[in-house]
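Right, one structure below, let's go through it.
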Amino acid sequence: MTSMISADAAGTWRLGDMTVNRLGLGTMRLTGSAAFDLGTPRDRDQSIRVLRRAVELGVNHLDTAAFYFSPLRSANELVNTALAPYPDDLVIATKVGPGRDASGAWLPPARPEELRGQVEENLRQLGRDHLDLVYFRRMPTIASVSEHVGALADLRDAGMIRHIGLSAVDPRHLAEALSVAPVVSVQNRYGIGASSQSSDVLARCGEHGIAFVPFFAVAGSGAERGRSASTEDEAVLQVAEAHGVSSAQVRIAWTLEQGPHVLAIPGTGDPVHLEENVAAAAIRLTPDELALLAA
Ligand SMILES: NC(=O)c1ccc[n+]([C@@H]2O[C@H](COP(=O)([O-])OP(=O)(O)OC[C@H]3O[C@@H](n4cnc5c(N)ncnc54)[C@H](OP(=O)(O)O)[C@@H]3O)[C@@H](O)[C@H]2O)c1
């Protein structure tokens, strides 16, 4: 199943004062088929084509980061080159907290006072004067998120960012952040087979009217190296066959069935996969299929 289907086929969600189609695009795979510096750099023109086609297909929510780069490609630079001047309705979400040096090696997680520099780096690379949505991406060594969220709230007050999100958090961090500043979105690893603990965050977000944005929802296990179709789950294959769609499309459709506040950001640098992923916005799974996938 491929599209002339638009990204609005799964409806919309409000991120603060911005409305996005629930089917969006993650930019991490535009720089290489595997995450970060692993794998072969993607063909530059192809990555630019993917971004432009995504917007043509109605995608208006991009998820990116300054630390998404491979030796020869930067996700933010590709976004800027492909899409600036940006369409008015395009929401570009980015992440701060983690950082990499010029060689690609990971730096220690940013201290609260270092977040401003990371926000400025994103502004420079994207060619914007403010960022729509900035996630504080928590690394496991950070127990409390209050000071980092406080630093982002200051940047919001200064007009550099519009909305705050949290990534890689549990309910405790969410509660802590909400006592400091409003949060419009949580981005956590989530997908078919996720633990009840992960589902807890999804549910809390729903209660607060906060978006929940799963990552690695298509790639599943071993996600850093990309998706492996050879290890696909039997139930996913069965549902895919019944709909005449791919298993990746079932995983995206499943994501979108998890609640009206759940947004999909499948990552791809492949134009054919992009068409498929957008078309998945129109797939509806039956209660029996959802039960089969839950088992
Ligand atoms: N907050 C965080 O810590 C965090 C961590 C990781 C990622 N993210 C964000 O979440 C987004 C999604 O994560 P992700 O890109 O790592 O993983 P994903 O969306 O779960 O899966 C991407 C992988 O699946 C493949 N794929 C995509 N569509 C496909 C299709 N229709 N058929 C077959 N294979 C397909 C991609 O390869 P091709 O490129 O060849 O299609 C890639 O290997 C990222 O782009 C990034 O923006 C956030």
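The values are calculated or read from the model by the stated rules, or taken from the named source; none is laboratory data. These numbers were taken from a predicted model, which means no experiment stands behind them. Because the Cβ atoms are built from the backbone with ideal geometry, glycine has one as well, and the counts that use them run over all protein chains shown. Just so you know, the surface numbers come from the protein's heavy atoms only, side chains and all, with ligands and any DNA or RNA stripped out. Shrake-Rupley method; radii C 1.70, N 1.55, O 1.52, S 1.80 Å.
Please verify whether Arg52 is under 14 Å from Met160 (Cβ atoms) and surrounded by fewer than 19 Cβ atoms within 10 Å (Cβ to Cβ), treating the condition exactly as stated.
Values: under 14 Å from Met160 (Cβ atoms): no; surrounded by fewer than 19 Cβ atoms within 10 Å (Cβ to Cβ): yes.
Here the answer is no, as Arg52 does not meet what is asked.
Go over the candidates Ala151, Ala158, Ala181 one by one and state the one that is within 15 Å of Ile210 (Cβ to Cβ), more than 15 Å from the ligand (Cβ to nearest atom) and modelled with pLDDT of 95 or more.
Ala181
Output the residues belonging to segment 238-278 that are without any contact (Cβ under 8 Å) to a residue 24 or more places away in the chain and within 13 Å of the ligand (Cβ to nearest atom). Give the derivation first.
Going through segment 238-278, the residues without any contact (Cβ under 8 Å) to a residue 24 or more places away in the chain turn out to be 240-241, 247.
Ala240, Ser247, listed by residue number.
State whether one or more residues within segment 213-220 are touching a helix residue (DSSP H, G or I) at 6+ places or on another chain (Cβ under 6 Å), within 16 Å of the ligand (Cβ to nearest atom) and more than 28 Å from Arg128 (Cα to Cα).
Yes: one or more hits.
Which residues, counting only those in segment 177-192, are assigned to a loop (DSSP other than H, G, I, E, B), out of contact with any Lys or Arg (no Cβ under 7 Å at 6 or more places or on another chain) and under 23 Å from Leu285 (Cα atoms)?
Listed by number, the list holds a single entry, Tyr190.
Quick one: Pro109 ticks every box in (1) open to solvent by 40 Å² or more (accessible area, probe 1.4 Å); (2) under 21 Å from Gly127 (Cβ atoms); (3) within 15 Å of the ligand (Cβ to nearest atom) except a single one, so which number is it?
It is condition (2) that Pro109 fails.
Tell me, which strands (runs of 3 or more DSSP E) lie completely within segment 1-114 with 3 or more residues that are under 21 Å from Val183 (Cβ atoms) and of a type outside the set (A, V, I, L, M)?
Where strands (runs of 3 or more DSSP E) fall fully within segment 1-114 and carry at least 3 residues being under 21 Å from Val183 (Cβ atoms) and of a type outside the set (A, V, I, L, M), they are 12-15.
Of the conditions (1) more than 28 Å from His273 (Cα to Cα); (2) open to solvent by 40 Å² or more (accessible area, probe 1.4 Å); (3) touching a Lys or Arg at 6+ places or on another chain (Cβ under 8 Å), Ser196 satisfies every one except a single condition; which number is it?
Failing condition for Ser196: (3).
Please determine, by comparing only the residues of segment 155-176 that are within 18 Å of Glu120 (Cβ to Cβ) and part of a loop (DSSP other than H, G, I, E, B), which one is farthest from the chain's Cα centre (by Cα).
My answer is Ala158.
Name the residues in segment 121-146 that are among the β-branched types (Val, Ile, Thr) and either surrounded by 14 or more Cβ atoms within 10 Å (Cβ to Cβ) or touching a residue at least 60 places away in the same chain (Cβ under 8 Å) (or both), would you?
Val134, Ile142, Val145
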